[in-house]
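The values are calculated or read from the model by the stated rules, or taken from the named source; none is laboratory data. This structure is a prediction, so every number in the text was calculated from the model and none was measured. Cβ placement follows ideal geometry from the backbone for every residue including glycine, while neighbour counts extend to all protein chains displayed. To get the accessible areas, we keep the full protein, side chains included, count just its heavy atoms, and leave off ligands, DNA and RNA. Shrake-Rupley method; radii C 1.70, N 1.55, O 1.52, S 1.80 Å.
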Amino acid sequence: MSDASARDQGRDKSRDNAMSMAAMSSERIEPDENVWTRRLVLFLRIMAVISILKGLYHWAQVTGFIGGEEEAFENQSMAWQTATVYFAVIELVAAVGLWLATPWGAVVWLTTVVSMAVIELMFPGIYGGSLTVVGLEAMMLAAYLALAWMAARERPP
């Protein structure tokens, strides 16, 4: 009888050992399954920091912290003032949503990206029509779409 109970205890220990090894291995595999989602969240957080900086830059223009007497907010055209206030507000709202990785944050951020590209291309008199800005905005948009697509592929439907 003692021989059978010793064998049962050996089986229980080996079974517990196998279960703990399976648990450890599943913990290691699980983070690799969501690698694109983690990359997307990291990208969103980086874009949140950039959006905060852009929003603060626009607020600095509105409040007069940057620029000289000739470049003061009051001395600019109505179109420039409107665009600057719009970006000062929407960039900071987008930054909050991006940092939280919420769907609305991505939508607001995409709105800012497209808005800036449209203003630079269609209304060059407002900010100067810089193709460099449009190219950077397009690269950020392409990176977001690629990461979002890869993250969506790793989640089952």
**Residue-normalised accessible area of the range 38-157, given per residue in Å² at a 1.4 Å probe** = 59 Å²
**Cut-off 19 Å (backbone N to label point 7 Å along Cα→Cβ of GLU74), residues of the range 114-149** = none
**Prompt:** For the range 80-157, what % of the accessible area comes from carbon and sulfur atoms, probe 1.4 Å?
**Reply:** 78 percent
**Message:** Quick query: amide H of SER130 versus all other amide H atoms, modeled in the peptide plane; which residues come in under 5 Å with a sequence gap of 5 or more or a different chain?
**Reply:** none
**Prompt:** Given the range 41-157, what whole percent of its Cα pairs are spread farther than 23 Å?
**Reply:** 33 percent
**Request:** Provide the solvent-accessible area of SER77, counting protein heavy atoms only and rolling a 1.4 Å probe, rounded to the nearest 10 Å².
**Result:** 60 Å²
